[in-house]
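Since the structure comes first, as structure tokens, the remarks are kept for the end.
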Amino acid sequence: IGYSTSLADTMSGCPSTAIVKSTSPAVTMSGCPFAAIVKATAPAVAPKVREIVDDFYPRMFSNSPEAKAFFNPANQFKEPPLQRMALANAVVAYATSIDDLSKLTGALEIIAHKHCGLGVKP
């Protein structure tokens, strides 16, 4: 997916910009007190991530029904559930890349762009 304008132009004023900037090249999680825990649990979480997201979304929609407006039902419930799998893949990618989050900058730009376009605040 490509965008004709720069990320700065498309996300001007969006609070998610700070999140993407925090994953710019050379950013590591060495200062994060939870990095070792996240890294150590990644192998256990990865095989269960589908179960985790299949539990997460119904809970989120039950606790915050207004959130449903942000999601395409077809991406939630058809097989494979694209939105759920996108979250699952993002969780595993984050956990396995925690030592060098700059690997995720491109993906985070796309996620932030989508969230900003919907008016979602971090």
Could you report the stretch 23-122's accessible area per residue, 1.4 Å probe, as an integer in Å²? 64
ARG84: net charge of surrounding residues, Cβ under 12 Å, Lys/Arg +1, Asp/Glu -1, itself excluded? -2
Apply the Karplus curve 6.51 cos²θ - 1.76 cosθ + 1.60, θ = phi - 60°, to the phi angles in the stretch 89-106 and return the couplings in whole Hz, x for Gly and Pro. 5, 5, 4, 5, 4, 4, 5, 7, 10, 4, 6, 8, 6, 4, 5, 9, 3, x
Could you derive backbone 3J(HN,Hα) for the stretch 46-53 from the dihedral phi with the Karplus parameters 6.51, -1.76 and 1.60 (θ = phi - 60°), listing whole Hz in sequence and x where the residue is Gly or Pro? 3, x, 9, 4, 4, 4, 5, 6
Computed D for the stretch 37-122, Stokes-Einstein, Kirkwood radius over alpha-carbon pairs, 25 °C, 0.890 mPa s, to the nearest µm² per second, is 174
With a 1.4 Å probe and all protein chains kept in place, how much accessible area does ILE111 have, in Å² rounded to the nearest 10? 70
Cβ under 15 Å from LYS48's Cβ, LYS48 left aside: what net charge do those residues give with Lys, Arg +1 and Asp, Glu -1? -1
Tell me the net charge near ASN72. Cut-off is 13 Å between Cβ atoms, ASN72 excluded, with +1 for each Lys or Arg and -1 for each Asp or Glu. +4
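The values are calculated or read from the model by the stated rules, or taken from the named source; none is laboratory data. Note that this is a predicted model, so its numbers are computed, not measured. Every residue, glycine among them, receives a Cβ derived from its backbone with ideal geometry; neighbour counts consider all protein chains shown. Just so you know, the surface numbers come from the protein's heavy atoms only, side chains and all, with ligands and any DNA or RNA stripped out. Shrake-Rupley method; radii C 1.70, N 1.55, O 1.52, S 1.80 Å.
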